[in-house]
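Remarks on the structure that follows.
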Amino acid sequence: MNILVINGPNLNLLGLREPEIYGKQDYRALCDKITAHAEKRGVGVDIYQSNHEGDLVDRIQDAYDKADGIVINPAAYTHTSVALLDALKAVGIPTVEVHISDVSKREDFRQISFVRKACIATIMGHGTDGYIEAMDLLIEREKQCK
Ligand code: DQA
């Protein structure tokens, strides 16, 4: 099984960026955590981050016929991007939406998620453990589908 983990804008600044909301762990530490978990579970993983909406769309399109599951934290594009929703719908790969913070308890403009309509689950407010939970969810689902 191959999982693609996609991170949107400003997540490369984890650790530096509003640590009281997003924690003190930096982006490298997040990538190491994801890679270690993939090894433990015996799955392949690709990790991608971009600050640019079109690049994120391109990466989702590239995953067609290659990835068996996507974990996506679209960051600010969660709340604005029909393009990401359409890309996820187009490739039809089981996708889990992740947010480090609990967006449901934050500003009104964070209450809309466009990508959610293309996702099998949303995990929010569990810090970076949410990425691990999302990977496990996709792995268990894949096992059940076989
Ligand atoms: C975020 C929440 C978004 O509202 C915000 O724009 C982010 C990060 C999260 O992981 O909690 O950049 O997706």
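Key figures for this structure:
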quantity	calculated
Subset of region 97-119 (residues that are in a loop (DSSP other than H, G, I, E, B) and under 14 Å from the mean Cα position of the chain (by Cα))	I100, S101, S113, F114, C119
Residue match in region 9-28 (condition: more than 13 Å from the ligand (Cβ to nearest atom) and either surrounded by 19 or more Cβ atoms within 10 Å (Cβ to Cβ) or under 14 Å from the mean Cα position of the chain (by Cα) (or both))	no
Options V82, V103, V115; residue that is of a type in the set (A, V, I, L, M, F, W, C), more than 23 Å from D65 (Cβ to Cβ) and within 11 Å of the ligand (Cβ to nearest atom)	V103
Filter result (more than 17 Å from N51 (Cβ to Cβ) and buried (at least 20 other Cβ atoms within 10 Å of the Cβ)) within region 77-92	L88
Boolean, N10 is modelled with pLDDT of 95 or more and under 14 Å from A75 (Cβ atoms)	yes
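The values are calculated or read from the model by the stated rules, or taken from the named source; none is laboratory data. Note that this is a predicted model, so its numbers are computed, not measured. Here Cβ is always computed from backbone atoms with ideal geometry, including for glycine, and neighbour counts include all displayed protein chains.
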